[in-house]
1. For a protection proxy built on the mean count of beta-carbon atoms within 10 angstrom, sort 203-210, 898-905 highest first, please.
2. Sticking with the crude label model, points 7 Å out along Cα→Cβ, report the distance from Arg143 to Ile361 in nm, one decimal please.
3. Taking amide H positions as placed 1.01 Å from N in the peptide plane, with prolines and chain starts having none, which residues 5 or more places from Asp1054, or on another chain, fall under 5 Å of its amide H?
4. Does segment 322-472 come out rounded, prolate or oblate, given a ≥ b ≥ c as the square roots of the eigenvalues of its C-alpha gyration tensor, rounded meaning a/c under 1.5 and, failing that, prolate meaning a/b above b/c?
5. Provide the packing ranking of 430-436, 760-766, 1079-1085, i.e. peptides ordered by the mean count of other C-beta atoms within 10 Å per residue, highest first.
6. Past 28 Å, Cα to Cα: identify those pairs from Lys259/Lys495; Lys422/Lys483; Lys254/Lys326; Lys702/Lys785; Lys677/Lys933, in the order given.
7. Rank by packing, highest mean first: peptides 673-682, 501-510, with packing defined as the count of other Cβ atoms within 10 Å averaged across residues.
8. Tell me, what are the semi-axes, in whole angstrom and largest first, of the equivalent ellipsoid of segment 122-190 as set by the roots of 5 times the Cα gyration tensor eigenvalues?
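Taken together, the values in this text are just the output of simple stated rules run on the coordinates, not laboratory data. For clarity, every value in this text was computed on a predicted model and none was experimentally measured. A quick note on method: Cβ atoms are made from the backbone with ideal geometry, for glycine too, and the neighbour counts reach across all protein chains shown.
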Amino acid sequence: MNCELLATCTALGYLEGDTYHKEADCLESVKDLIRYLRHEDDTRDVRQQLGAGQIVQNDLLPIIIQHGQDKALFDACIRLMVNLTQPAMLCFGKVPDDPVFRHHFLQVTSHLQACKEAFASEAVFGMLSETLYTLLQLDWEQRQEEDNLLIERILLLVRNVLHVPADPCEEKKVDDDASIHDRLLWAIHMSGFDDLIKFLASAQSEQQWSMHVLEIISLMFRDQTPEALVSAGQTRTAEEKHRDTQELEALREKELAAKRSRTLQRGTRHSRFGGSYVVQGLKSIGDKDVIYHRNVHNFKNYTHDMGKAVRRVPKRNRQARECKDKRRSALNVRLFLREFCVDFLENCYNRLMYLVKESLIREQTQQHDETYYLWALSFFMAFNRGNGFRADLVSETMSIRAFHYIERNITNYYEMMLTDRKEATSWSRRMHLALKAYQELLLTVNEMDRSQDESIHQSCSVIKSNIFYLMEYREIFLTLLRKYDETRQPHSYLKDLVESTHLFLRMLERYCKGRNSLMVQKKRVRRKKSRGQKKPSAAETSPEALAETWKVVEEELKASGFQLSESLTESIVPFDATSDTPLEEQRTDAMVRVQDALLIRLGPEALGLLRAAREVWPEGDVFGSADVEPEEELELLKQILHANLPRSPPPEPAAEEDDDAAELEEEELQSVQVFEKEFNFLDFIKRFSNPSVVRPYLLLLKSYSKNTPHTNHCIARMLHRLAVDLKMDAQLFQLSVFNLFNKILSDPAAAAYKELVTFAKFVLNRFFSLAAQNNKAYVELLFWKNVGAVREMTEGYGKDGEGKKPTWTEEEEEELRNLYEEHRHSEVPDIVETLLPLLSDTTRTRRQVVTQLVRMGLVDNAKELKKQKKGTQIVLWTEEQEEELQMLYEEYKDSNDVLGNIMKKHTAKRSRARVVDKLLSMGLVSERRELYKKRSRSAKGTSSGKGMTEDEFLEGLTQGFTDDTGDRDDEDEEEDESEEREEEEEEEQEQERETSQNGGRSSQSLYSTVERRPNVGAMVYALQQEGMSEPLLWLQSCLNRTAIDREQDGFSQDVPLVPLKEANEEAMDNKSFLRLLRKLGLRAPANEQETFWRIPAKISVSQLRGAAAALSPREEDPKGGEEQDGSRSPTGESQETEEVSGEQRAQALRALLLTRKRKLHSSEHTAPVSDFTPTEDTDGTHERSQETISTKRSRVLDDDDEEENEDDSTAAMDMQTSVDADSDREDISAPVKRRRKMVLIDEEDDED
């Protein structure tokens, strides 16, 4: 030891018997030791010398035990011991590779193990517990900063001592014997320190120590398993006894078989000469047969490799090593830990896990601290499952948030395992820990499914519906099996993965069996085409291509009248201000940019560039004079298009920058498309029929004798799904698999593996029956086979030339050439569709004809023959189409719906936006509002209510949208999907501009329409005649329930309509029913993220009740209502008329509603109508009738997406929101909190 260190340690004091005598300068010596440790070198020499001198055992521990009343000395000793017991991994950063540093690492570890043994004393932990208890008694106002530091140091000291690994060479303990770690735990228990740990985990005021507490608890249970603690102190169950008996019988059978084998190999008499034999048919190195010099009984073990040196396996190809095995502690320790688990679950688990999760999400912890969270989740949930399952004890970690958090960690660990190769083993262990947590979540959900409690069963259904719906949770096991790497992931990881996959598939199969159909989410990654301007090819710059390009550009510019939009003019800059090239020298680049715009047929952009360049470079009139005419600009653009301009080569940046930019561009061009599809369990299992998935199962099957019966059952069940359910038994026709089957069949203890033996015999029988028909089956044993190879092996191999591209004879090529030359100049929209029926071989497909045309050189590129999408490729207007459009406008310009009539009669199918733009460019209309649909005012007699029946008057007050929406829907469904998306984008932009210009009059019109109860009597009657009474009752129930919720909660949000019954699902596909939803003001799915129709948040309670009442079945003939639809005004009368008749309307409506309510109560058995107070509705109606309505009504453009203009936020889907018509009605007086819990499902995915 260093002289200064030795002198400092001597100045601490001395131990005489059991009494420690401290020196006068003991406190200063402790501080000197802390200072020495602060300046130690990389070999940790000071730490090693203090450990060799046993300073902790002989000085520091006696000081805190006998002189604990000296607060300053106690604090300094605790601070020093926290430093000295620091884990060796933290001191060196990692396990050193250098032999010298590895020696220092092992020395520090051995000193820590000696310290741990000294800490296994009740006196030490009694002093620590007493001090910690005193500090925790202080309120937070009385605690000083030093008190908090001392609490943290005591917790860190206990954490460090528990973290010290056991020495397997010194501790050669058997199960049920007390190890050093067990003695340490017993000292913690006897001192009451475990009670303080539970207090820190549950106290509201001590939440800052949550992470330290979780670390200590995880280290306390390091060597334990939940199953061992659950069974501690309890008698063995019959199942456990049966399992132990089977294991003993298997071992006994193996022993007897080995004894019989030795008896058969032993000869009748002993011979010193073993004998030499010639093995006929087995050649040696030369041409002669092998000579065998051993006993003939051992010949079955002969191989050519006998006597050779065993080839060393490279380190990177070695199998991953297993973690240390668990051991069974002493019984009294297990009993104490069992009681600790019970108390911890009842009082601490939910709160502590919540605090730790919040700290992890907010990144207030250290690196890799989430592993403690994952361990605690899997350990305590497994203990809860075995110790009389109670779902409320683990409610904090039973949610979709927990599934999402663990799935995200598994993905992150796998990515880090691939990138951080040096620490791949550590990342693999963390990944295994996350997989165990995920497995435990599934086991708990499965346990909840068996519960008799209805609330627990419903919560389980919600969780299962989410994990089966989302693709991330559904396909995680398939991905992990494909990515399994035995060199990085241990055998125990594969065992847990196989068992978890078996459990998930069993749950999914059971879930699918109880439903007719299951909709799940799918994601598809699509690569968007780059919008960057590509270099013009030779085909594009040919004279014919340039002439065609110029024709398109010229017509486009003439059609626009050489007028450019203001936004386009402001966005064009003809020079690059950031370039090092002088402004005068960029004139050629501007000319090239104009030419590039022309080549890609962007006429307005090219004209804008030309005019902007003229302003920047006016000298020489290179870009035209200042007073140039449009015809001259057109000629100048034509000259630029045909000119051979000098193009400077692009700058060549560094290769790394190019790669980064390419990767960034590639990421930007990828888009994930989310959609829904019907789930088929058998199709999902087919994805497991892959060699990369089958190999891990067979790798685990090789250790069948060491596997548990449950593990072997999981393997056999998956192989049975593939071989029997999918009829892919040929995928197991592989030599290594047959070798494994041979070992199982010849195993003396084969009776213990009946399931595996039966399956092996089945596969072998199938193979030999196939081999009798296919003489190549034995060769196929050498290869792993995918689905295509299996089909060929079982159904027959394809003949030569099958599967290849069909050949074209000379006669067929000549025929194709003649037909193409004959029709190439005809103005047919699609020449390929014209040629297909004219060919002699009618089996030719479009792709084959296009490919052959390109190969024969008749066309330059297959894109020239690309099939045009309906309604999207027509860009130019012919003279005949323009004349037809003008005639139609002159014919219908005085009608109520100008644009709608033109769209119906026009022969060329164009989008509404295209027709509107063309009418504006031709000067037929000056602004878009002239094309808005005109709505006629109702007659004075109708508005005043004279001469009307009761139902007519009521319907007149609640009139809404007309039925034109349904007609427009039928017309628009015939157009292509791409055209609809284009129309939606253009019309939404146009409507936004109109709304901003008109001061929001369109929105006012829409709101005013929703304010009234829709006139849906005719539509309801028609749907009832079609047999849709049940969906109408379901819709009415949803509206009433939503109205009740909004009235009680005081706020509104979008509520999805989720059809749970088959009749309701069919109704949601019915056009008439969807037309009814639109008329009621309900909103269709806004984008691909939404699936269901929704009740908008803007609809008030009175409006919802009015809409529900309008759905009541009526006995009268609906024709009268239909006849009046066209005559009534969808909006109210003028302001004066509303004010005069408002009071009369309110009084009449109040009386009519009372009458209507009596009718509804009398027919309550036919339609469940929600109860509502008539005064509330009439008051709301009276208020609406007194509102001032502008005389200038905003006209609404006759658009398909009239009801989808608003951009509502996506609401959480709830499986309980839509209630079946035949289900019991929920009590209206139910607590708001309970019903909101039923309505809303987990929304925490967004938070994660």
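1. Working: 203-210: 14.8, 898-905: 18.6.
Answer by packing, highest mean first, reads 898-905, 203-210.
2. 2.4 nm
3. Those lying under 5 Å, H to H, from Asp1054 are Ala1097.
4. On the way: a/c = 1.72, a/b = 1.16, b/c = 1.49.
Verdict is oblate for segment 322-472.
5. Numbers: 430-436: 22.7, 760-766: 16.6, 1079-1085: 20.4.
Most protected by this proxy first, the peptides run 430-436, 1079-1085, 760-766.
6. On the way: Lys259/Lys495 32 Å; Lys422/Lys483 19 Å; Lys254/Lys326 26 Å; Lys702/Lys785 20 Å; Lys677/Lys933 39 Å.
The pairs that break the limit, which is 28 Å between Cα atoms, are Lys259/Lys495; Lys677/Lys933.
7. On the way: 673-682: 12.4, 501-510: 17.9.
Packing proxy ranking, top to bottom: 501-510, 673-682.
8. Numbers: eigenvalues 206, 32, 10 Å².
Values for segment 122-190, descending: 32, 13, 7 Å.
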